[in-house]
């Protein structure tokens, strides 16, 4: 029998703290996304100081991403079992402590371990922020606004990564890329303790250990294999082995959840909720679109147009600002016009924007060939991402808020990881077929193919949205 303990604070107190709660979850999401990108610019300095090999250096980035995506479902379910506030504080504490260890690391091995621990802290933190939104912002308009702000904070984190990483590494030291999280985390922990009094204290259920092991290990193996594809090719045993193992473990996970788990980590009944199932499929597709936009546009600016990493970050800033504006606008529009019109409008922006961007070449100018289409794509991201998060989480019950948040985050992260591997392979294959012209022209041809494939993902999202009912909330 499930029993949930919920304190009931006075309405005035709850309403008065809403702004502080929203600021807290947005700051948490900002930190999670920021740390997936801020370290990139600091990698050369880290390699020099700690003696990383070229292969080992990649794990400063991949260790974080692997743990983040692999442990997300477990983090979401733990939020439901042990309490949203408790897991949010625990996630912030682990994230901050591992940041301190990473900033003080004297060996390459210790830094990689710290990055894995950071990713695990992020996997605890991110689903808890979504669960808090779902439980603290029950009214439709306020929930839409909260999701818009939450999505925008992630966008700010992604935009700030390259800029802040470059500035901190140049002005201070690469160590402050990690150490800066410590005082910020301490403040957020204090805010969480003060502002989230009165949230749920958890469900008296046991953790599904078999589901936790098979699900977490399966996701981690799958993502690890996909990460290896860029360096070893899809037919390598280093890719096929982990991907095959990951798929087998995920099949075992489904069997455990369906047949053997008395209290499943991921209740399969959730996929009977049409908005949850369809929303997560669209988030998988959206992950590839986000990768094409932010990652491959940055590569185009640097490898084709010759921009520095910092200048490329500045070149993407207008699109990031556009995303922030539109994300807030879509939050206001969602309760009025419904999910599907916003998703279809966003898909139209993806099709037009990526189609336009695919015409760029080595001799293109920034304003006409990059700025215009990326602004259009950013409009599409601002319309769709907050909307898809609402779709994928809003219809679940309060007792499942954490796991549904973890599932939505996992879908987006896995979609981005798989999308990166597939799109990078496609770009590399196309570039090798270009025999005439400069190396930058060959790279531009590969990136143009990526942008055309991303336009196709936009069409796929539009097609999947047909499975959603018409209605204000989807």
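Anything in region 256-267 that is assigned to a helix (DSSP H, G or I) and either under 14 Å from residue 215 (Cβ atoms) or in contact (Cβ under 8 Å) with a residue 60 or more places away in the chain (or both)? List them, or say none.
Result: 256, 257, 258, 260.
Kindly indicate whether any position in region 212-221 is closer than 30 Å to residue 353 by Cβ and at pLDDT 85 or above. Write out each step before concluding.
Step one: of region 212-221, the residues closer than 30 Å to residue 353 by Cβ are none.
No, every residue in region 212-221 fails to be closer than 30 Å to residue 353 by Cβ and at pLDDT 85 or above.
Which count do you get for residues in region 227-285 that are over 24 Å from residue 393 (Cα atoms) and in the same structural domain as residue 427 (by TED's automatic domain parsing)?
The number of residues fulfilling the criteria is 0.
If only one of 372, 428, 355, 405 is assigned to a helix (DSSP H, G or I), crowded, with 24+ Cβ neighbours inside 10 Å and not assigned by TED's automatic domain parsing to the domain that holds residue 149, which one is it?
Answer to the selection: 405.
Which ones in region 19-56 are without any contact (Cβ under 8 Å) to a residue 40 or more places away in the chain and in contact with a helix residue (DSSP H, G or I) (Cβ under 7 Å, 6 or more places away or on another chain)?
Listed by number, the residues that qualify are 43, 47.
Tell me whether region 321-330 contains one or more residues that are at pLDDT below 85, surrounded by fewer than 24 Cβ atoms within 10 Å (Cβ to Cβ) and within 22 Å of the chain's Cα centre (by Cα).
yes
Criterion first (farther than 30 Å from residue 141 by Cβ and either without any contact (Cβ under 8 Å) to a residue 12 or more places away in the chain or surrounded by fewer than 18 Cβ atoms within 10 Å (Cβ to Cβ) (or both)) does residue 308 satisfy it?
yes
Name the single residue, out of those in region 268-286 being in contact (Cβ under 8 Å) with a residue 24 or more places away in the chain, in contact with a helix residue (DSSP H, G or I) (Cβ under 8 Å, 6 or more places away or on another chain) and surrounded by fewer than 20 Cβ atoms within 10 Å (Cβ to Cβ), that is farthest from residue 384 (Cα to Cα).
Per the criteria, the residue is 270.
Given 164, 138, which one is more than 19 Å from residue 414 (Cβ to Cβ), at pLDDT below 80 and not in a helix (DSSP H, G or I)?
The conditions single out 138.
The values are calculated or read from the model by the stated rules, or taken from the named source; none is laboratory data. Since the model is a prediction, treat every value here as computed from it, not as a measurement. Positions of Cβ are backbone-derived with ideal geometry, glycine not excepted, and every protein chain shown enters the neighbour counts.
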